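Working notes, beginning with the structure itself.
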Amino acid sequence: MAPEWTKHDDATYYMSLGKALLVTVVYERLTPPGWKVQVGQRALKDKFGSLEDAQKVAMAFAEKVAAAIRADLDALRPPA
């Protein structure tokens, strides 16, 4: 089953990737209002105007974070 966005409340959507990495999109009403993206402990400074745009950016950012995780794991692997 593929992960899908879960609505927590009107201002928060999230999904769990690999049952370990939480991807969230949260609407902030502070100046300027917009949707913020967070993947794990990393967050983007930019805010996005629509939920759909924020979710697309969140998935792209999650791929970037996953690639960084993979690179760190590969660096920790002992040489063969």
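Residue-level analysis places G40 among those that are at positive phi and within 12 Å of the chain's Cα centre (by Cα).
Residues in the range 30-80 that are closer than 19 Å to L17 by Cα and of a type in the set (S, T, Y): none. Within the range 1-34, the set of residues being in contact with a Lys or Arg (Cβ under 6 Å, 6 or more places away or on another chain) and among the hydrophobic types (A, V, I, L, M, F, W, C) comprises just one member, V26. Please go through the range 9-48 and pick out each residue that is without any contact (Cβ under 8 Å) to a residue 12 or more places away in the chain and surrounded by 12 or more Cβ atoms within 10 Å (Cβ to Cβ). Passing the criteria: Y14, A43.
Bear in mind that the values in this text are calculations on the coordinates, not laboratory data. Just so you know, these numbers come straight off a predicted model, no measurement behind them. Using ideal geometry, Cβ is built from the backbone for each residue, glycine included, and neighbour counts are taken over all protein chains shown.
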